[in-house]
Amino acid sequence: MASSAEDNRKEVAKYEALAEAAYNEMYDARAPAACYSDLKDHFAMAIGAAERAGLHDEAKRLSARLEHCKDVYRSQFAGF
């Protein structure tokens, strides 16, 4: 059974929300690397879900957000 467009968007939104939560948790974590790992995994899942659903602009937006989060981690947390 094929997924509906709404189901696909919900899946993307779920993984994006998990990624953003992990991003926010980095700031309070004793081990921000674990949160960073989680955010990368969740963004990868969101990007994959968007690509599978044909939501290429959404996948591009999420990829850009992931790159931003990586830059933030490298500049603020790389020494932890």
Q | Residue in the range 1-19 that is modelled with the highest pLDDT, counting only those that are hydroxyl-bearing (S, T, Y) and more than 27 Å from V72 (Cβ to Cβ) | A | S4
Q: Would you please name the residue that is farthest from E25 (Cα to Cα), looking only at residues in the range 42-76 that are among the basic types (K, R) and open to solvent by 60 Å² or more (accessible area, probe 1.4 Å)?
A: R52
Q.
If G79 meets every condition in (1) part of a helix (DSSP H, G or I); (2) surrounded by fewer than 16 Cβ atoms within 10 Å (Cβ to Cβ) apart from one, which number is that one?
A. (1)
Q) List the pairs whose first member sits in the range 29-58 and is assigned to a helix (DSSP H, G or I) and acidic (D, E), whose second member is modelled with pLDDT of 95 or more and open to solvent by less than 30 Å² (accessible area, probe 1.4 Å), and whose Cβ atoms are under 6 Å apart, counting only residues at least 6 apart or on separate chains? A) D38/A22; E51/A59; E58/A50
Q | Residues of the range 8-28 satisfying the condition of being free of Cβ contacts under 8 Å to residues at least 40 places away in the same chain and open to solvent by 80 Å² or more (accessible area, probe 1.4 Å) | A | K10, K14, N24, E25, Y27, D28
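The values are calculated or read from the model by the stated rules, or taken from the named source; none is laboratory data. Fair warning: this is a prediction, and the values are worked out from it, not measured in the lab. A quick note on method: Cβ atoms are made from the backbone with ideal geometry, for glycine too, and the neighbour counts reach across all protein chains shown. These area figures cover heavy atoms from the full protein model, side chains too; ligands, DNA and RNA do not enter into them. Shrake-Rupley method; radii C 1.70, N 1.55, O 1.52, S 1.80 Å.
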